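The values are calculated or read from the model by the stated rules, or taken from the named source; none is laboratory data. Bear in mind that the values here come from a model prediction, so they are computed numbers and not experimental data. Cβ placement follows ideal geometry from the backbone for every residue including glycine, while neighbour counts extend to all protein chains displayed.
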Amino acid sequence: MRGTVAVVGAGNTGASWAGLFAAHGYAVRIFDQSQTAMSRALSRATAAAEFLAHKGLANPAVVQKGLSLIMPAGNLESAVDGVCLVQESVTDDLAVKRALFAEIGRLAPTSALIATSTSGLSITAIQEDTPAPGRTLAAHPYNPPHLIPLVELAPGVLTSPDTLDAAMKFYGGVGKEPVVISRDIPGYIANRLSAALWREAIELVRSGVATVEDIDRAVSLGPGLRWAIMGPHLVYHLGGGHGGIRGHLAHLTATKEGMLKDLASWTTLPGDTADILAAGVEAEARGRSLEELEAERDEALATIILALRQVKPGTLGDPAGLPGDAAVSQRGAAYSLRGGAGSSGDAVGPKERWA
Ligand SMILES: NC(=O)c1ccc[n+]([C@@H]2O[C@H](COP(=O)([O-])OP(=O)(O)OC[C@H]3O[C@@H](n4cnc5c(N)ncnc54)[C@H](O)[C@@H]3O)[C@@H](O)[C@H]2O)c1
(Lines give C-alpha, C1' and ligand atoms only; values in the text may rest on other atoms or scores of the structure.)
Protein backbone atom coordinates (compact mmCIF):
# COMPACT_ATOMS: atom_id res chain seq x y z
CA MET A 1 0.00 0.00 0.00
CA ARG A 2 1.29 3.44 -0.93
CA GLY A 3 -0.57 5.51 1.65
CA THR A 4 -4.06 6.84 2.11
CA VAL A 5 -5.81 9.61 0.22
CA ALA A 6 -9.18 11.22 0.81
CA VAL A 7 -11.60 12.25 -1.90
CA VAL A 8 -14.03 14.81 -0.51
CA GLY A 9 -17.04 15.34 -2.77
CA ALA A 10 -17.94 12.18 -4.64
CA GLY A 11 -19.81 13.25 -7.76
CA ASN A 12 -18.54 12.62 -11.29
CA THR A 13 -15.09 14.04 -10.67
CA GLY A 14 -14.51 12.65 -7.18
CA ALA A 15 -15.57 9.12 -8.16
CA SER A 16 -13.23 9.10 -11.14
CA TRP A 17 -10.31 10.41 -9.02
CA ALA A 18 -11.05 7.72 -6.43
CA GLY A 19 -10.88 5.02 -9.12
CA LEU A 20 -7.54 6.33 -10.36
CA PHE A 21 -5.98 6.53 -6.90
CA ALA A 22 -7.19 3.03 -5.99
CA ALA A 23 -5.88 1.69 -9.30
CA HIS A 24 -2.44 2.98 -8.32
CA GLY A 25 -2.40 1.27 -4.96
CA TYR A 26 -3.64 4.00 -2.61
CA ALA A 27 -6.15 3.28 0.12
CA VAL A 28 -8.96 5.71 -0.72
CA ARG A 29 -11.51 7.18 1.65
CA ILE A 30 -14.52 8.79 0.03
CA PHE A 31 -16.58 11.41 1.79
CA ASP A 32 -19.66 13.18 0.50
CA GLN A 33 -22.48 14.94 2.29
CA SER A 34 -24.87 12.69 0.39
CA GLN A 35 -25.03 8.99 1.27
CA THR A 36 -26.44 8.24 -2.18
CA ALA A 37 -23.55 10.03 -3.85
CA MET A 38 -21.08 8.00 -1.77
CA SER A 39 -22.61 4.66 -2.75
CA ARG A 40 -22.77 5.67 -6.39
CA ALA A 41 -19.17 6.87 -6.22
CA LEU A 42 -18.00 3.54 -4.84
CA SER A 43 -19.45 1.68 -7.81
CA ARG A 44 -18.19 4.27 -10.29
CA ALA A 45 -14.70 4.25 -8.78
CA THR A 46 -14.66 0.45 -8.84
CA ALA A 47 -15.76 0.41 -12.48
CA ALA A 48 -13.12 3.02 -13.38
CA ALA A 49 -10.28 1.10 -11.68
CA GLU A 50 -11.40 -2.20 -13.20
CA PHE A 51 -11.57 -0.56 -16.62
CA LEU A 52 -7.96 0.61 -16.24
CA ALA A 53 -6.88 -2.92 -15.32
CA HIS A 54 -8.94 -4.46 -18.13
CA LYS A 55 -7.34 -2.16 -20.70
CA GLY A 56 -3.79 -2.72 -19.48
CA LEU A 57 -3.56 0.81 -18.10
CA ALA A 58 -3.07 -0.39 -14.51
CA ASN A 59 -1.64 -3.47 -12.86
CA PRO A 60 -4.59 -5.81 -12.10
CA ALA A 61 -3.02 -7.01 -8.83
CA VAL A 62 -2.55 -3.42 -7.64
CA VAL A 63 -6.08 -2.54 -8.69
CA GLN A 64 -7.46 -5.48 -6.75
CA LYS A 65 -5.52 -4.43 -3.66
CA GLY A 66 -6.58 -0.80 -4.06
CA LEU A 67 -10.21 -1.78 -4.44
CA SER A 68 -10.06 -3.84 -1.27
CA LEU A 69 -9.00 -0.66 0.56
CA ILE A 70 -11.48 1.86 -0.86
CA MET A 71 -14.18 2.84 1.61
CA PRO A 72 -16.74 5.48 2.45
CA ALA A 73 -16.02 7.66 5.48
CA GLY A 74 -18.66 8.51 8.05
CA ASN A 75 -17.50 12.10 8.41
CA LEU A 76 -14.85 14.54 7.23
CA GLU A 77 -12.63 13.96 10.23
CA SER A 78 -12.33 10.21 9.68
CA ALA A 79 -11.97 10.77 5.92
CA VAL A 80 -8.82 12.88 6.25
CA ASP A 81 -7.27 11.13 9.25
CA GLY A 82 -3.68 10.11 8.43
CA VAL A 83 -3.91 10.88 4.69
CA CYS A 84 -1.09 12.13 2.47
CA LEU A 85 -3.44 14.00 0.13
CA VAL A 86 -6.99 15.32 0.07
CA GLN A 87 -8.60 15.73 -3.35
CA GLU A 88 -11.52 18.09 -2.78
CA SER A 89 -14.11 17.70 -5.55
CA VAL A 90 -17.31 19.24 -4.17
CA THR A 91 -19.69 21.49 -6.09
CA ASP A 92 -18.05 24.60 -7.54
CA ASP A 93 -19.19 27.06 -4.88
CA LEU A 94 -16.63 29.37 -3.34
CA ALA A 95 -18.24 29.68 0.09
CA VAL A 96 -18.56 25.88 0.37
CA LYS A 97 -15.01 25.19 -0.76
CA ARG A 98 -13.53 27.91 1.44
CA ALA A 99 -15.28 26.58 4.53
CA LEU A 100 -14.30 23.03 3.66
CA PHE A 101 -10.65 23.97 3.15
CA ALA A 102 -10.64 25.67 6.56
CA GLU A 103 -11.98 22.49 8.16
CA ILE A 104 -9.75 20.11 6.22
CA GLY A 105 -6.72 22.26 7.09
CA ARG A 106 -7.60 21.85 10.75
CA LEU A 107 -8.28 18.09 10.58
CA ALA A 108 -5.75 16.69 8.09
CA PRO A 109 -2.15 15.79 9.04
CA THR A 110 0.23 18.74 8.80
CA SER A 111 2.13 16.89 6.06
CA ALA A 112 -0.92 16.38 3.81
CA LEU A 113 -1.39 18.15 0.49
CA ILE A 114 -4.85 19.66 0.10
CA ALA A 115 -5.91 19.99 -3.53
CA THR A 116 -9.06 21.36 -5.12
CA SER A 117 -10.38 20.06 -8.44
CA THR A 118 -12.13 23.36 -9.13
CA SER A 119 -12.63 24.24 -12.78
CA GLY A 120 -13.58 27.84 -12.29
CA LEU A 121 -12.83 29.16 -8.81
CA SER A 122 -9.67 30.83 -7.58
CA ILE A 123 -7.40 28.74 -5.37
CA THR A 124 -6.23 32.00 -3.80
CA ALA A 125 -9.79 32.67 -2.68
CA ILE A 126 -10.37 29.06 -1.60
CA GLN A 127 -7.23 28.91 0.58
CA GLU A 128 -8.00 32.19 2.36
CA ASP A 129 -9.43 30.78 5.60
CA THR A 130 -7.44 27.59 5.96
CA PRO A 131 -4.84 27.38 8.74
CA ALA A 132 -2.26 25.84 6.37
CA PRO A 133 -2.60 27.63 3.03
CA GLY A 134 0.97 26.76 2.03
CA ARG A 135 -0.04 23.11 1.57
CA THR A 136 -3.04 23.87 -0.65
CA LEU A 137 -3.20 24.07 -4.42
CA ALA A 138 -5.48 23.57 -7.38
CA ALA A 139 -5.08 20.22 -9.14
CA HIS A 140 -7.51 20.49 -11.99
CA PRO A 141 -8.27 17.28 -13.88
CA TYR A 142 -9.70 16.94 -17.34
CA ASN A 143 -12.76 14.74 -17.56
CA PRO A 144 -12.63 11.80 -16.91
CA PRO A 145 -9.74 12.09 -14.42
CA HIS A 146 -9.04 8.34 -14.35
CA LEU A 147 -8.24 8.38 -18.07
CA ILE A 148 -7.14 11.80 -19.27
CA PRO A 149 -3.47 12.24 -18.31
CA LEU A 150 -3.55 16.03 -17.93
CA VAL A 151 -3.71 17.59 -14.49
CA GLU A 152 -3.16 21.35 -14.25
CA LEU A 153 -1.45 22.39 -11.03
CA ALA A 154 -1.94 25.99 -9.98
CA PRO A 155 -0.71 27.75 -6.86
CA GLY A 156 -2.64 30.32 -4.89
CA VAL A 157 -0.69 33.31 -3.63
CA LEU A 158 -0.04 31.47 -0.34
CA THR A 159 0.90 28.08 -1.83
CA SER A 160 4.48 27.10 -1.03
CA PRO A 161 6.85 26.00 -3.82
CA ASP A 162 7.43 22.72 -1.91
CA THR A 163 3.74 21.94 -2.27
CA LEU A 164 3.93 22.21 -6.04
CA ASP A 165 7.01 19.96 -6.09
CA ALA A 166 5.30 17.37 -3.90
CA ALA A 167 2.14 17.56 -6.03
CA MET A 168 4.15 17.03 -9.21
CA LYS A 169 5.56 13.84 -7.69
CA PHE A 170 2.24 12.62 -6.35
CA TYR A 171 0.24 13.10 -9.57
CA GLY A 172 3.14 11.86 -11.72
CA GLY A 173 3.09 8.72 -9.56
CA VAL A 174 -0.54 7.98 -10.46
CA GLY A 175 0.09 8.24 -14.17
CA LYS A 176 -0.80 11.90 -14.60
CA GLU A 177 1.06 14.40 -16.77
CA PRO A 178 1.11 17.53 -14.60
CA VAL A 179 1.33 20.96 -16.19
CA VAL A 180 2.23 23.69 -13.71
CA ILE A 181 0.67 27.09 -14.17
CA SER A 182 2.62 30.00 -12.72
CA ARG A 183 -0.44 31.71 -11.29
CA ASP A 184 -4.06 31.35 -10.54
CA ILE A 185 -6.05 32.35 -13.65
CA PRO A 186 -9.67 31.50 -14.52
CA GLY A 187 -9.89 28.27 -16.52
CA TYR A 188 -6.18 27.43 -16.29
CA ILE A 189 -4.86 26.57 -19.78
CA ALA A 190 -7.03 23.83 -21.26
CA ASN A 191 -10.44 25.25 -20.39
CA ARG A 192 -9.48 28.73 -21.62
CA LEU A 193 -8.50 27.24 -24.96
CA SER A 194 -11.64 25.09 -25.01
CA ALA A 195 -13.80 28.13 -24.30
CA ALA A 196 -12.20 30.09 -27.14
CA LEU A 197 -12.73 27.23 -29.58
CA TRP A 198 -16.25 26.49 -28.37
CA ARG A 199 -17.40 30.11 -28.80
CA GLU A 200 -16.44 29.96 -32.46
CA ALA A 201 -17.96 26.47 -32.82
CA ILE A 202 -21.27 27.76 -31.43
CA GLU A 203 -21.18 30.76 -33.72
CA LEU A 204 -20.57 28.57 -36.77
CA VAL A 205 -23.72 26.60 -35.91
CA ARG A 206 -25.78 29.69 -35.15
CA SER A 207 -24.82 31.38 -38.40
CA GLY A 208 -25.68 28.26 -40.41
CA VAL A 209 -22.16 27.55 -41.66
CA ALA A 210 -22.31 23.88 -40.65
CA THR A 211 -24.19 21.47 -38.41
CA VAL A 212 -23.16 20.58 -34.86
CA GLU A 213 -22.14 17.16 -36.13
CA ASP A 214 -19.98 18.47 -38.97
CA ILE A 215 -18.24 20.94 -36.70
CA ASP A 216 -17.50 18.14 -34.23
CA ARG A 217 -16.20 15.98 -37.07
CA ALA A 218 -14.04 18.82 -38.38
CA VAL A 219 -12.40 19.13 -34.96
CA SER A 220 -11.98 15.48 -34.02
CA LEU A 221 -10.95 14.19 -37.48
CA GLY A 222 -8.52 17.04 -38.17
CA PRO A 223 -6.86 19.20 -35.56
CA GLY A 224 -7.99 16.93 -32.70
CA LEU A 225 -5.95 14.02 -34.04
CA ARG A 226 -2.85 16.17 -34.33
CA TRP A 227 -3.42 17.77 -30.94
CA ALA A 228 -3.34 14.33 -29.30
CA ILE A 229 0.27 14.18 -30.45
CA MET A 230 1.49 17.79 -30.47
CA GLY A 231 0.04 21.08 -29.31
CA PRO A 232 -0.85 23.93 -31.67
CA HIS A 233 2.57 25.59 -31.53
CA LEU A 234 4.56 22.54 -32.55
CA VAL A 235 1.96 21.67 -35.17
CA TYR A 236 2.39 25.11 -36.74
CA HIS A 237 6.17 24.77 -36.48
CA LEU A 238 5.79 21.79 -38.82
CA GLY A 239 3.31 23.70 -40.98
CA GLY A 240 5.98 26.28 -41.86
CA GLY A 241 8.13 23.92 -43.93
CA HIS A 242 11.88 24.57 -43.66
CA GLY A 243 11.22 27.91 -42.01
CA GLY A 244 9.43 26.31 -39.06
CA ILE A 245 7.26 28.54 -36.95
CA ARG A 246 8.90 31.70 -38.31
CA GLY A 247 8.20 30.55 -41.84
CA HIS A 248 4.63 29.73 -40.89
CA LEU A 249 4.09 33.20 -39.45
CA ALA A 250 5.80 34.90 -42.40
CA HIS A 251 3.51 33.14 -44.86
CA LEU A 252 0.29 33.10 -42.97
CA THR A 253 0.14 36.15 -40.71
CA ALA A 254 -2.21 38.07 -43.01
CA THR A 255 -4.44 35.01 -43.48
CA LYS A 256 -4.65 34.37 -39.74
CA GLU A 257 -5.33 38.03 -38.99
CA GLY A 258 -8.11 38.02 -41.57
CA MET A 259 -9.75 35.10 -39.73
CA LEU A 260 -9.20 36.67 -36.32
CA LYS A 261 -11.10 39.76 -37.44
CA ASP A 262 -14.02 37.57 -38.50
CA LEU A 263 -14.24 35.39 -35.37
CA ALA A 264 -17.03 35.63 -32.81
CA SER A 265 -16.17 37.90 -29.92
CA TRP A 266 -19.29 37.82 -27.72
CA THR A 267 -18.78 37.23 -24.01
CA THR A 268 -22.34 36.32 -23.06
CA LEU A 269 -23.72 33.07 -24.45
CA PRO A 270 -26.53 33.89 -26.92
CA GLY A 271 -29.98 32.98 -25.56
CA ASP A 272 -30.64 30.37 -28.26
CA THR A 273 -27.42 28.41 -27.55
CA ALA A 274 -28.93 25.59 -25.48
CA ASP A 275 -31.79 24.93 -27.90
CA ILE A 276 -29.58 24.98 -30.99
CA LEU A 277 -26.89 22.77 -29.48
CA ALA A 278 -29.35 20.31 -27.92
CA ALA A 279 -31.05 19.75 -31.28
CA GLY A 280 -27.67 19.32 -33.01
CA VAL A 281 -26.28 16.96 -30.41
CA GLU A 282 -29.44 14.85 -30.45
CA ALA A 283 -29.08 14.41 -34.19
CA GLU A 284 -25.39 13.63 -33.84
CA ALA A 285 -25.94 11.05 -31.07
CA ARG A 286 -28.35 9.06 -33.28
CA GLY A 287 -30.15 7.51 -30.35
CA ARG A 288 -27.04 6.62 -28.34
CA SER A 289 -27.55 7.24 -24.63
CA LEU A 290 -25.12 9.27 -22.52
CA GLU A 291 -23.83 6.00 -21.03
CA GLU A 292 -23.23 4.56 -24.48
CA LEU A 293 -21.42 7.68 -25.64
CA GLU A 294 -19.33 7.68 -22.47
CA ALA A 295 -18.35 4.04 -22.99
CA GLU A 296 -17.45 4.77 -26.62
CA ARG A 297 -15.31 7.70 -25.54
CA ASP A 298 -13.52 5.72 -22.82
CA GLU A 299 -12.77 2.77 -25.11
CA ALA A 300 -11.24 5.09 -27.67
CA LEU A 301 -9.33 7.10 -25.06
CA ALA A 302 -7.75 3.93 -23.64
CA THR A 303 -6.72 2.83 -27.13
CA ILE A 304 -5.21 6.22 -27.94
CA ILE A 305 -3.32 6.40 -24.65
CA LEU A 306 -1.84 2.95 -25.20
CA ALA A 307 -0.84 3.88 -28.75
CA LEU A 308 0.81 7.11 -27.59
CA ARG A 309 2.73 5.19 -24.91
CA GLN A 310 4.21 3.06 -27.69
CA VAL A 311 5.30 6.13 -29.61
CA LYS A 312 6.48 8.05 -26.55
CA PRO A 313 7.63 5.45 -24.01
CA GLY A 314 7.71 6.69 -20.46
CA THR A 315 4.84 9.15 -20.88
CA LEU A 316 1.09 9.08 -20.16
CA GLY A 317 1.48 6.77 -17.20
CA ASP A 318 3.75 4.27 -18.99
CA PRO A 319 5.48 2.46 -16.11
CA ALA A 320 8.87 3.25 -17.68
CA GLY A 321 8.25 6.90 -16.82
CA LEU A 322 6.82 6.47 -13.34
CA PRO A 323 8.93 7.19 -10.28
CA GLY A 324 10.15 4.41 -7.91
CA ASP A 325 7.47 2.26 -6.34
CA ALA A 326 4.82 3.61 -8.70
CA ALA A 327 6.70 2.06 -11.61
CA VAL A 328 7.07 -1.22 -9.77
CA SER A 329 3.38 -1.31 -8.94
CA GLN A 330 2.40 -0.72 -12.56
CA ARG A 331 4.87 -3.00 -14.28
CA GLY A 332 2.51 -5.99 -14.32
CA ALA A 333 0.17 -4.06 -16.57
CA ALA A 334 2.86 -3.10 -19.04
CA TYR A 335 4.19 -6.64 -19.08
CA SER A 336 0.83 -8.15 -19.81
CA LEU A 337 0.29 -5.57 -22.53
CA ARG A 338 3.45 -6.60 -24.29
CA GLY A 339 2.14 -10.14 -24.24
CA GLY A 340 4.65 -11.69 -21.85
CA ALA A 341 4.05 -14.56 -19.48
CA GLY A 342 1.11 -13.84 -17.27
CA SER A 343 -0.47 -11.61 -19.86
CA SER A 344 -4.19 -11.82 -19.94
CA GLY A 345 -6.08 -11.83 -23.19
CA ASP A 346 -8.24 -9.06 -21.82
CA ALA A 347 -5.32 -6.78 -21.12
CA VAL A 348 -3.97 -7.11 -24.63
CA GLY A 349 -7.45 -7.24 -26.09
CA PRO A 350 -9.17 -5.43 -28.94
CA LYS A 351 -8.64 -4.22 -26.65
CA GLU A 352 -17.62 28.45 -12.94
CA ARG A 353 -17.33 30.38 -12.41
CA TRP A 354 -14.55 32.86 -11.44
CA ALA A 355 -14.96 34.44 -8.08
N1 LIG B 1 -17.45 17.69 -14.28
C2 LIG B 1 -16.31 17.96 -14.88
O3 LIG B 1 -16.12 17.72 -16.07
C4 LIG B 1 -15.17 18.54 -14.06
C5 LIG B 1 -13.88 18.51 -14.62
C6 LIG B 1 -12.82 19.04 -13.87
C7 LIG B 1 -13.05 19.58 -12.62
N8 LIG B 1 -14.32 19.60 -12.12
C9 LIG B 1 -14.52 20.18 -10.78
O10 LIG B 1 -14.76 19.12 -9.86
C11 LIG B 1 -15.64 19.58 -8.81
C12 LIG B 1 -16.84 18.67 -8.72
O13 LIG B 1 -17.53 18.69 -9.95
P14 LIG B 1 -18.52 17.50 -10.35
O15 LIG B 1 -18.85 17.70 -11.77
O16 LIG B 1 -17.94 16.21 -9.91
O17 LIG B 1 -19.78 17.85 -9.45
P18 LIG B 1 -20.94 16.88 -8.95
O19 LIG B 1 -22.14 17.73 -8.78
O20 LIG B 1 -21.04 15.66 -9.82
O21 LIG B 1 -20.44 16.40 -7.50
C22 LIG B 1 -20.27 17.27 -6.43
C23 LIG B 1 -20.46 16.47 -5.14
O24 LIG B 1 -20.06 17.30 -4.04
C25 LIG B 1 -20.92 16.96 -2.95
N26 LIG B 1 -20.83 18.05 -1.97
C27 LIG B 1 -21.25 19.34 -2.10
N28 LIG B 1 -20.93 20.04 -1.00
C29 LIG B 1 -20.29 19.19 -0.16
C30 LIG B 1 -19.71 19.33 1.14
N31 LIG B 1 -19.71 20.49 1.78
N32 LIG B 1 -19.13 18.24 1.69
C33 LIG B 1 -19.13 17.04 1.05
N34 LIG B 1 -19.66 16.86 -0.17
C35 LIG B 1 -20.23 17.92 -0.77
C36 LIG B 1 -22.30 16.77 -3.58
O37 LIG B 1 -23.14 16.01 -2.75
C38 LIG B 1 -21.92 16.05 -4.87
O39 LIG B 1 -21.98 14.63 -4.71
C40 LIG B 1 -15.98 21.02 -9.13
O41 LIG B 1 -15.13 21.88 -8.43
C42 LIG B 1 -15.71 21.10 -10.64
O43 LIG B 1 -15.39 22.41 -11.06
C44 LIG B 1 -15.38 19.08 -12.80
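Restricted to segment 157-195, and to residues there that are away from the ligand (no atom under 15 Å from the Cβ) and in contact with a Ser or Thr (Cβ under 8 Å, 6 or more places away or on another chain), the residue that is nearest to L57 (Cα to Cα) is E177.
What are the residues in segment 32-47 that are buried (at least 24 other Cβ atoms within 10 Å of the Cβ) and either basic (K, R) or more than 11 Å from G66 (Cβ to Cβ) (or both), if any?
Let us first name the residues in segment 32-47 that are buried (at least 24 other Cβ atoms within 10 Å of the Cβ), namely 41, 45.
Within segment 32-47, A41 is the sole residue that qualifies.
Can you name the number of the only condition in (1) touching a Pro at 6+ places or on another chain (Cβ under 9 Å); (2) near the ligand (Cβ under 10 Å from one of its atoms); (3) of a type outside the set (G, A, S) that D92 fails? Condition not satisfied by D92: (1). Within segment 111-143, the set of residues being more than 7 Å from the ligand (Cβ to nearest atom) and not aliphatic (A, V, I, L, M) comprises S111, S122, T124, Q127, E128, D129, T130, P131, P133, G134, R135, T136. Restricting attention to segment 22-41, which residues are over 19 Å from the mean Cα position of the chain (by Cα) and either under 23 Å from A300 (Cα atoms) or within 16 Å of the ligand (Cβ to nearest atom) (or both)? Listed by number, the residues that qualify are R29, F31, D32, Q33, S34, Q35, T36, A37, M38, S39, R40.
Check whether at least one residue in segment 242-262 is closer than 27 Å to L301 by Cβ and under 30 Å from the mean Cα position of the chain (by Cα), and report yes or no. Let's see the steps before the verdict.
From segment 242-262, those closer than 27 Å to L301 by Cβ are none; that's our starting set.
Checking segment 242-262: not a single residue is closer than 27 Å to L301 by Cβ and under 30 Å from the mean Cα position of the chain (by Cα).
A single entry from G280, G247, G314 fulfils the requirement of being in contact with a Ser or Thr (Cβ under 8 Å, 6 or more places away or on another chain) and either outside any helix (DSSP H, G or I) or surrounded by 14 or more Cβ atoms within 10 Å (Cβ to Cβ) (or both): G280. Determine whether segment 166-186 contains at least one residue that is among the basic types (K, R) and either buried (at least 16 other Cβ atoms within 10 Å of the Cβ) or farther than 21 Å from L52 by Cβ (or both). Yes, segment 166-186 has at least one match. Residue count for segment 265-291 under the criterion of being farther than 18 Å from E200 by Cβ and of a type in the set (S, T, Y): the result is 1.
From the list A10, A6, the one residue that fits, being surrounded by 23 or more Cβ atoms within 10 Å (Cβ to Cβ), among the hydrophobic types (A, V, I, L, M, F, W, C), within 8 Å of the ligand (Cβ to nearest atom) and modelled with pLDDT of 95 or more, is A10.
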